[in-house]
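Peer 1: What follows is a single structure, and I will ask about it in a moment.
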Amino acid sequence: DARVTQTPRDKVTEMGQEVTMRCQPILGHNTVFWYRQTMMQGLELLAYFRNRAPLDDSGMPKDRFSAEMPDATLATLKIQPSEPRDSAVYFCASGPGQGGGHYGYTFGSGTRLTVV
Amino acid sequence: RKEVEQDPGPFNVPEGATVAFNCTYSNSASQSFFWYRQDCRKEPKLLMSVYSSGNEDGRFTAQLNRASQYISLLIRDSKLSDSATYLCVVRGQAGTALIFGKGTTLSVSS
């Protein structure tokens with residue numbers, strides 16, 4: 001089965017440190033999403049890209065978060081500086097961006113971030 | 001008001017029971033509808049798409065009422081392995097973001 005690969009799986013860091021999370025979407029998928037999941041808020045969209053171009057990053061705190069796709073096989077989400085309230089599970093998902101049908105998207109296994 | 005609302009549960013049922021989950025969505029322009037399943041400390045996985053005519057996949061039946069903006073999932077003959085959180089999901093046009101409900105937790109016991 002094709003997979004979305006995320007690294008690292010777990011990350012514990014101190015407040016103020018920079019955190020970078022990486023995602024390798026499924027080959028051929030041109031739409032990539034970043035979501036954050038917390039107990040209180042559930043799954044929230046942070047940003048998404050199509051053909052490497054950002055389409056929507058309105059869910060992302062702009063002062064500390066940044067998302068990029070340096071190439072079609074890599075998406076990154078960076079937090080600088082990190083804060084305890086950023087502690088969450090960060091999921092990447094990918095899907096084909098065109099066509100009809102009711103296809104869903106495939107999620108990676110997530111990065112569990114703890115900021116202390 | 002949240003875009004997608006679900007009863008968080010938990011629903012605690014014995015094996016073999018039938019259980020139904022409901023969901024409402026606020027954006028009438030939503031075009032695609034799904035149920036995802038999420039196991040503890042795992043990623044969400046697509047369970048099934050939901051079509052206006054209703055659709056069935058084994059023990060699972062999903063229904064959509066566009067006029068009422070209401071989605072349902074029925075699980076028949078519950079198994080222990082059905083224990084998970086079920087996420088109601090909507091989307092606008094193809095290729096746009098999925099909007100998730102906060103999920104309904106199901107626990108099936110023997």
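The values are calculated or read from the model by the stated rules, or taken from the named source; none is laboratory data. This is a predicted model, so every value here is computed, not measured. When we count neighbours, we look across all protein chains shown, and the Cβ atoms used for this are built from the backbone with ideal geometry, even at glycine.
Peer 1: Give region B:41-56 a look and list any residue that's without any contact (Cβ under 8 Å) to a residue 12 or more places away in the chain, farther than 15 Å from residue A:93 by Cβ and within 13 Å of chain A (Cβ to nearest Cβ), or say none. Talk me through it step by step, then tell me what you get.
Peer 2: Filtering region B:41-56 down to residues without any contact (Cβ under 8 Å) to a residue 12 or more places away in the chain leaves B:41-43, B:45, B:53-56.
Retained after the next criterion (residues that are farther than 15 Å from residue A:93 by Cβ): B:41, B:53-56.
Of everything in region B:41-56, those that are without any contact (Cβ under 8 Å) to a residue 12 or more places away in the chain, farther than 15 Å from residue A:93 by Cβ and within 13 Å of chain A (Cβ to nearest Cβ) turn out to be B:41, B:53, B:55.
Peer 1: So, of the residues in region A:1-23 that are modelled with pLDDT of 95 or more and closer than 18 Å to residue A:33 by Cβ, which turns out to be surrounded by the most Cβ atoms within 10 Å (Cβ to Cβ)? Walk me through it before giving the result.
Peer 2: Pass one, region A:1-23, residues modelled with pLDDT of 95 or more: A:4-23.
Narrowing further to those that are closer than 18 Å to residue A:33 by Cβ: A:4-7, A:20-23.
On the way: A:4: 24, A:5: 13, A:6: 22, A:7: 13, A:20: 14, A:21: 22, A:22: 16, A:23: 26.
Out of the qualifying residues, it is A:23.
Peer 1: Kindly evaluate residue A:37 against the criterion of being within 20 Å of residue B:41 (Cβ to Cβ) and over 10 Å from the mean Cα position of the chain (by Cα). Step through it out loud before you land on a result.
Peer 2: Details: within 20 Å of residue B:41 (Cβ to Cβ): yes; over 10 Å from the mean Cα position of the chain (by Cα): yes.
When the stated conditions are applied, residue A:37 passes them.
Peer 1: Mind checking which strands (runs of 3 or more DSSP E) fall wholly inside region A:29-113 and carry at least 1 residues that are at negative phi and of a type in the set (Val, Ile, Thr)? Reasoning before the result, please.
Peer 2: On the way: elements: A:31-38, A:42-50, A:53-56, A:65-71, A:74-79, A:88-95.
Of the strands (runs of 3 or more DSSP E) lying wholly inside region A:29-113, those with at least 1 residues that are at negative phi and of a type in the set (Val, Ile, Thr) span A:31-38, A:74-79, A:88-95.
Peer 1: Yes or no: region B:61-71 includes at least one residue that is touching a Phe, Trp or Tyr at 6+ places or on another chain (Cβ under 6 Å), under 26 Å from residue B:93 (Cβ atoms) and touching a residue at least 40 places away in the same chain (Cβ under 8 Å).
Peer 2: yes
Peer 1: If residue A:76 meets every condition in (1) in contact with a Pro (Cβ under 8 Å, 6 or more places away or on another chain); (2) within 12 Å of chain B (Cβ to nearest Cβ) apart from one, which number is that one?
Peer 2: Unmet for residue A:76, out of (1) in contact with a Pro (Cβ under 8 Å, 6 or more places away or on another chain); (2) within 12 Å of chain B (Cβ to nearest Cβ): (2).
Peer 1: Could you run through region B:2-43 and say how many residues are exposed (fewer than 15 other Cβ atoms within 10 Å of the Cβ), at negative phi and among the basic types (Lys, Arg)?
Peer 2: 2
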